[in-house]
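S.K.: Following this message is one structure expressed as structure tokens.
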């Protein structure tokens, strides 16, 4: 094992971190990176098909209304308009839970949120399609809108979906141990309410789809921004009443997904239905306002927590009541609900747990999966409560976390099992590098430092998918010329999995990453993969690729042995050479020579590997994250300057340490960390989708929806701690969703340290800070 | 075995011809047929890449000249011009025979034919690129041109290539038996000279290439009209000095190749070199005149034949002297030279053979491979001589062919071996269906009927490629949803191999062709295939696919057996059902259920198969076609009306019968037959590239180069004779190059029957006919 890897935020200082590996651990720039920044590559909207037409969707100006009539006769008369569809053309609902599927390509009978699709037009160009939308006459009967889930729960008289009493989309109760008894016997019990806000992924690339329906063969070829092509594939099959093998999905490069492109977009359905209707390809690319209108981002949560501690400061119990604002439709809300439940079990040891959660419909754009889904909200609460408890016990926030932190081999009451963790090392590292203990509680008024921890799952599927196996398939084709080609349907949404797959294949094959090509993101050409979510890819594709590559080696090693005249068990391969581990200088043979010899005498060499996550006994279905084979961990320390004149919080530095096991590509890991911090900081301080009481969306543009830019970013000191997860194919696990978990609570803890005020609602706007400062001065 | 399949030329009468097969033998329209005719698909020139630029090539107005200087400074100054290259940028020569490689992307030092490329420009649009060409100043020193190979042989003083004395590109002598003795002992010896003309493929789609060189990764992605991507791949690697695994070739749909797109085009090289130079993609699409200038089509041949017969009319010997006009460069001429040698051995038994051939350089666009290459020229001669001999012996042309025809199991003196032939059945069939025996020699003056036979190789490679193995690789991926995907790099140039591959895979897998997808024509994604030439694909891909599909079956059959509770050896699969051959009504299970069960319990299923042609002992390298595993056969009867006023020959009917073994897709076979007849007729009567004595090209447009159109086509009565080749994977073999062989000699024999004049030169223009009629009347 090598030394600890430390990265700075200067890109030229990236170092490799290879332990005993050769390709894994290399800080290789993305294989497609230069092509992306020089404009060589094509995203979905860049594609043009022969005779392609342009689609636009008419969207509702009302948040809750009955559609009394739609008259598109004038639109159809407009020169250049080729077809119009409405809810009548897409009567079949889709959704992740079959019995609760309530989404439609276009509204059927009623609209439930501002911006819901009413009709879609295909025309020869975009301008004509836009004009046609203006010619469609829709008669609405406006209904009262409900936009607060706590209110919605009381309004059984105002059901958003007729079959959902009290507007409850999903609910769940989960009890492990005896939390009631444990709380009553606790030495210290904290009760607190928190609100986690309504934010959007704000990815750069809008959703886009090009549907090419071939009426002669009855097949659909969809090019789309699908983060989870398999889900889109399934749902298109259902809505179009077309067998899955008559649908091919090709995913061009994706400019950011963060979970938001995991659902099938209305662009996918509408373009497909229009294309089938008019017999020509149809492209639909969203405007920014449509991204907000279709949302599927972070659920606002109204959270009530009770947290008990024994007299040493050990957590005795957590009681967590979560009312989630689901917005208008089901989306992937059930997954998020159950994830929030699971997030109280780890990274600390919690012997008694009660969870009660409800996902509630409101007349707002639907909520769904968003980077670190289900974790960000309860982590925001729990990591602040730990600071409060530490203060109660006279301990440092660092001490209370170390005391409660779970160790490798820990099995939570929920049966969630941690094969390996270096969470304590993460805490040590950030405390050491930031000088936390010397600063915390000792900085001048207005300056503060805050600590938080976090964790996330890695390699699992949603429990809904558990019957599907294998979850990932990888095929490695040994090229006749030189190198290998990896076929795997995993979706690179910007996180860099294409490069990571090449590195992992190269590692086991013993060749250079540059000699591995990856063929991803096409349901016809690539092999099956369940999709990009739940930080599963490095772990899942890693196992499938390693499995395939080991099969390749099993074929090549005997040939290499006979060429080198040594015994098979002496053979190793590295850097494009087979060699005898005993006589490397005397006995070696180039990899490409062995391949040539193999192919000449045995024929082509193509091997397939797979991965399905292990199932753990005793896991309650729907009650938690389920069968996550492992977890990533991180700790962060935020340093803030609070401007007491304006209330503006400036984050000056984030010190981060992450346990992602063996980093496959350290440069890529740090990219994930930086992105996570930016997104966590955005939610903590800047971002919020604003909805008027009647459900109108007040800031659906990147002008009015405020994101932190590069100018707002703090200094980041990111460290990858020494770790190797033995359950992971190359010792590596997630690094893209864990690091967002601690950011907001670290900032909130730092603000408390700076001005002595505890905030419980995101985002922490200057207005709130200023009011609090005023209030505390008035006291 | 089923009944004989008969097709008419009315498309709706196509019948299936399935024998004991289910999918093989179905007259399925091309899977991409409707998409092609409705404009859904994209050919190379339809593609547009980001930041793509347009290239144009400056071409020489002289046929033979030294390039004294090229000044492109003015061109570079033109707004929108991004780069210019000349021969200095491409000093490395390429070619199929390494020691004789003399082709360059652009002329180096000297031009050797009209239209040779001098310089290439990349600009932001085509108009600018054209303008830039006009600004390039080239200073030439004009040399004497030689355009007749017989003349060129005498002009050692005028070497076109300095290293080729007497302008000989290649030469070969081949002797089997004792032809001299056999001729001297023959009862009847015919001596005759023939000339086969200079024609172009005249495919609809021009050559086009888009090179996208990524300077960051040092890789080239070429989209091009490559009929033999592997050859282009090899030669690009050489010329660009780039390893093959840094080059990816994607072949979009091809609009006709006929051998002409088998060579790497200068568009491929120039676009690649320009793209590397300017860092942007470059598209070059040829004008029609550039297709003629780069040619690589049928070699004109000056042929001297001696043919001996015994007193029963049996062929005793053939002595064949062939001077081939190679044009300016090597091209694939060596292959054509050796093919012409082989064409005298079959379909008749020829016990003694002497061949002497020379391919000679002239100052004309290079000649190369062209549908039925090497066969059309000697067949034109031999099939007329057989008619002459028949007349001498008082036999019918039918009788003499039957007498001499080889049978299944025949091994020629050249070691060429015929595993199966139904050539006699072809002769019987056309004679019977046309009423030949009742008409021949008995029609009124001006009307005639003529018979000819022919054959062609199937499944072989060029001998130059023999060291490369496997020659074809096919991978079958069983889809999780339903059906299968076949990966195979075979190139569909319009002949329909994509559909045929799907049928063959479906046959062995026991599913419908419509449930098989094919992923072809991409050196990165598809598996290796040597290329589309020598009518190898149905045979070669058939074996590789069958091999892969049988491996799939070996995996699925045991699962099906256990699901049906029967023994493994009872299991069969057909029409998407596994069943017990003993109890079909009771024991059966859907194919997709077996696949699901297999994948659930065993994981993904992907199998790879391969094919390499068998080698035969005693084959002389370079002396003949070599290791062709089998051959296709055909016979044709032409009926003509000769207008004795104008000399115009009108073909009124062609009766054709072909032995292609088991037709995989009878509709596709007939398409090949019609196309072959059109092309054979074109060469016989219409087409000729006209070159002035100084080497200028006189008719480089489809206005001046006359092709037969649909209005010129005769009635065609095509029959596929009952045949099943046991050496072929599904009993089927070539049908695309054999049927062109008999067309021209059948027409010439018919003209002889009509007006009693024997012509020996193609094309048979009205002028020649009229002159001959006048001459015969004057006698």
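The values are calculated or read from the model by the stated rules, or taken from the named source; none is laboratory data. Fair warning: this is a prediction, and the values are worked out from it, not measured in the lab. Reconstructed Cβ throughout: ideal geometry from the backbone, glycine too, with neighbour counts over all protein chains shown.
S.K.: Has the stretch B:192-203 got any residue that is more than 29 Å from residue B:704 (Cα to Cα) and at pLDDT 95 or above?
M.R.: Within the stretch B:192-203, one or more residues are more than 29 Å from residue B:704 (Cα to Cα) and at pLDDT 95 or above.
S.K.: Further question: Report the residue count in the stretch A:738-756 for those that are out of contact with any helix residue (DSSP H, G or I) (no Cβ under 6 Å at 6 or more places or on another chain), assigned to a loop (DSSP other than H, G, I, E, B) and buried (at least 22 other Cβ atoms within 10 Å of the Cβ).
M.R.: Within the stretch A:738-756, residues that are out of contact with any helix residue (DSSP H, G or I) (no Cβ under 6 Å at 6 or more places or on another chain), assigned to a loop (DSSP other than H, G, I, E, B) and buried (at least 22 other Cβ atoms within 10 Å of the Cβ) number 1.
S.K.: Still on this model: What number of residues within the stretch A:329-369 are farther than 17 Å from residue A:95 by Cβ and under 18 Å from the mean Cα position of the chain (by Cα)?
M.R.: Our first condition is that a residue be farther than 17 Å from residue A:95 by Cβ; within the stretch A:329-369, this holds for A:339-358, A:362-364.
After this cut, where a residue has to be under 18 Å from the mean Cα position of the chain (by Cα) as well, the list is A:339-343.
Adding up the residues that qualify gives 5.
S.K.: Of the residues that make up the stretch A:294-313, is at least one in contact (Cβ under 8 Å) with a residue 60 or more places away in the chain and either within 14 Å of chain B (Cβ to nearest Cβ) or out of contact with any strand residue (DSSP E or B) (no Cβ under 9 Å at 6 or more places or on another chain) (or both)?
M.R.: Checked the stretch A:294-313: at least one residue is in contact (Cβ under 8 Å) with a residue 60 or more places away in the chain and either within 14 Å of chain B (Cβ to nearest Cβ) or out of contact with any strand residue (DSSP E or B) (no Cβ under 9 Å at 6 or more places or on another chain) (or both).
S.K.: Right, next: Within the stretch A:634-648, work out how many residues are in contact with a helix residue (DSSP H, G or I) (Cβ under 7 Å, 6 or more places away or on another chain) and surrounded by fewer than 24 Cβ atoms within 10 Å (Cβ to Cβ).
M.R.: Within the stretch A:634-648, residues that are in contact with a helix residue (DSSP H, G or I) (Cβ under 7 Å, 6 or more places away or on another chain) and surrounded by fewer than 24 Cβ atoms within 10 Å (Cβ to Cβ) number 4.
S.K.: With the checklist (1) on the phi > 0 side of the Ramachandran plot; (2) more than 27 Å from the chain's Cα centre (by Cα) in hand, flag the one item residue A:521 doesn't pass.
M.R.: (2)
S.K.: Just one of A:453, A:446 is at pLDDT 95 or above and on the phi < 0 side of the Ramachandran plot; which is it?
M.R.: Values: A:446 fails: on the phi < 0 side of the Ramachandran plot.
Going through A:453, A:446 in turn, just one is at pLDDT 95 or above and on the phi < 0 side of the Ramachandran plot: A:453.
S.K.: Identify all residues within the stretch B:760-772 that are within 17 Å of residue B:445 (Cα to Cα) and surrounded by fewer than 20 Cβ atoms within 10 Å (Cβ to Cβ); write none if there are none. Outline the logic, then answer.
M.R.: Restricting attention to the stretch B:760-772, the residues satisfying the condition of being within 17 Å of residue B:445 (Cα to Cα) are B:766, B:769-772.
Correct list: B:766, B:770, B:771, B:772.
S.K.: Has the stretch A:547-556 got any residue that is in contact with a strand residue (DSSP E or B) (Cβ under 8 Å, 6 or more places away or on another chain), free of Cβ contacts under 8 Å to residues at least 40 places away in the same chain, part of a helix (DSSP H, G or I) and over 29 Å from residue A:734 (Cβ atoms)? Spell out how you get there, then give the answer.
M.R.: Step one: filter the stretch A:547-556 for residues in contact with a strand residue (DSSP E or B) (Cβ under 8 Å, 6 or more places away or on another chain), giving A:547-553, A:555-556.
Narrowing the set further to residues that are free of Cβ contacts under 8 Å to residues at least 40 places away in the same chain leaves none.
Within the stretch A:547-556, none of the residues are in contact with a strand residue (DSSP E or B) (Cβ under 8 Å, 6 or more places away or on another chain), free of Cβ contacts under 8 Å to residues at least 40 places away in the same chain, part of a helix (DSSP H, G or I) and over 29 Å from residue A:734 (Cβ atoms).
S.K.: Taking the stretch B:33-57 on its own, how many of its residues are within 9 Å of another protein chain (Cβ to nearest Cβ) and touching a helix residue (DSSP H, G or I) at 6+ places or on another chain (Cβ under 9 Å)?
M.R.: 4
S.K.: So which residues in the stretch A:202-218 are within 14 Å of another protein chain (Cβ to nearest Cβ) and in a loop (DSSP other than H, G, I, E, B)?
M.R.: A:215, A:216, A:217, A:218
S.K.: Checking residue B:397 against (1) in contact (Cβ under 8 Å) with a residue 60 or more places away in the chain; (2) under 22 Å from the mean Cα position of the chain (by Cα), which test does it fail?
M.R.: With (1) in contact (Cβ under 8 Å) with a residue 60 or more places away in the chain; (2) under 22 Å from the mean Cα position of the chain (by Cα) applied to residue B:397, the lone miss is (2).
S.K.: Kindly evaluate residue B:531 against the criterion of being modelled with pLDDT under 95, within 24 Å of residue B:222 (Cα to Cα), within 14 Å of chain A (Cβ to nearest Cβ) and not in a helix (DSSP H, G or I).
M.R.: Considered against the rule, which asks whether it is modelled with pLDDT under 95, within 24 Å of residue B:222 (Cα to Cα), within 14 Å of chain A (Cβ to nearest Cβ) and not in a helix (DSSP H, G or I), residue B:531 comes out as yes.
S.K.: Right, next: When residues of the stretch B:598-619 are filtered for being surrounded by fewer than 19 Cβ atoms within 10 Å (Cβ to Cβ) and away from every other protein chain (no Cβ under 12 Å), how many remain?
M.R.: The qualifying residues number 5.
S.K.: Please work out if residue A:221 is assigned to a strand (DSSP E or B) and under 30 Å from residue A:284 (Cα atoms).
M.R.: yes
S.K.: Could you list, in sequence order, all residues of the stretch B:516-528 that are facing another protein chain (nearest Cβ under 9 Å) and under 22 Å from residue B:578 (Cβ atoms)?
M.R.: Within the stretch B:516-528, just B:517 meets the criteria.
S.K.: Restricting attention to the stretch A:224-249, which residues are over 26 Å from the mean Cα position of the chain (by Cα) and either within 14 Å of residue A:522 (Cα to Cα) or assigned to a loop (DSSP other than H, G, I, E, B) (or both)? If you could, list the steps in order and put the result at the bottom.
M.R.: Looking only at the stretch A:224-249, we keep the residues that are over 26 Å from the mean Cα position of the chain (by Cα), and these are A:240-243, A:245-246.
Selection gives A:241, A:242, A:243, A:245, A:246.
S.K.: Still on this structure, I have one more. Kindly establish whether residue B:560 is assigned to a helix (DSSP H, G or I), surrounded by 20 or more Cβ atoms within 10 Å (Cβ to Cβ) and more than 14 Å from every other protein chain (Cβ to nearest Cβ).
M.R.: Considered against the rule, which asks whether it is assigned to a helix (DSSP H, G or I), surrounded by 20 or more Cβ atoms within 10 Å (Cβ to Cβ) and more than 14 Å from every other protein chain (Cβ to nearest Cβ), residue B:560 comes out as yes.
S.K.: Quick check: is even one residue across the stretch A:500-515 over 18 Å from residue A:551 (Cα atoms), within 14 Å of chain B (Cβ to nearest Cβ) and in contact with a strand residue (DSSP E or B) (Cβ under 8 Å, 6 or more places away or on another chain)? Reasoning before the result, please.
M.R.: Of the residues in the stretch A:500-515, the ones over 18 Å from residue A:551 (Cα atoms) are A:500, A:512-515.
Next cut, within 14 Å of chain B (Cβ to nearest Cβ) only: A:512-515.
From what is left, the residues that are in contact with a strand residue (DSSP E or B) (Cβ under 8 Å, 6 or more places away or on another chain) are A:515.
Yes, some residue in the stretch A:500-515 is over 18 Å from residue A:551 (Cα atoms), within 14 Å of chain B (Cβ to nearest Cβ) and in contact with a strand residue (DSSP E or B) (Cβ under 8 Å, 6 or more places away or on another chain).
S.K.: Quick one: which of A:224, A:317, A:267 is surrounded by 24 or more Cβ atoms within 10 Å (Cβ to Cβ) and in the same structural domain as residue A:352 (by TED's automatic domain parsing)?
M.R.: A:317
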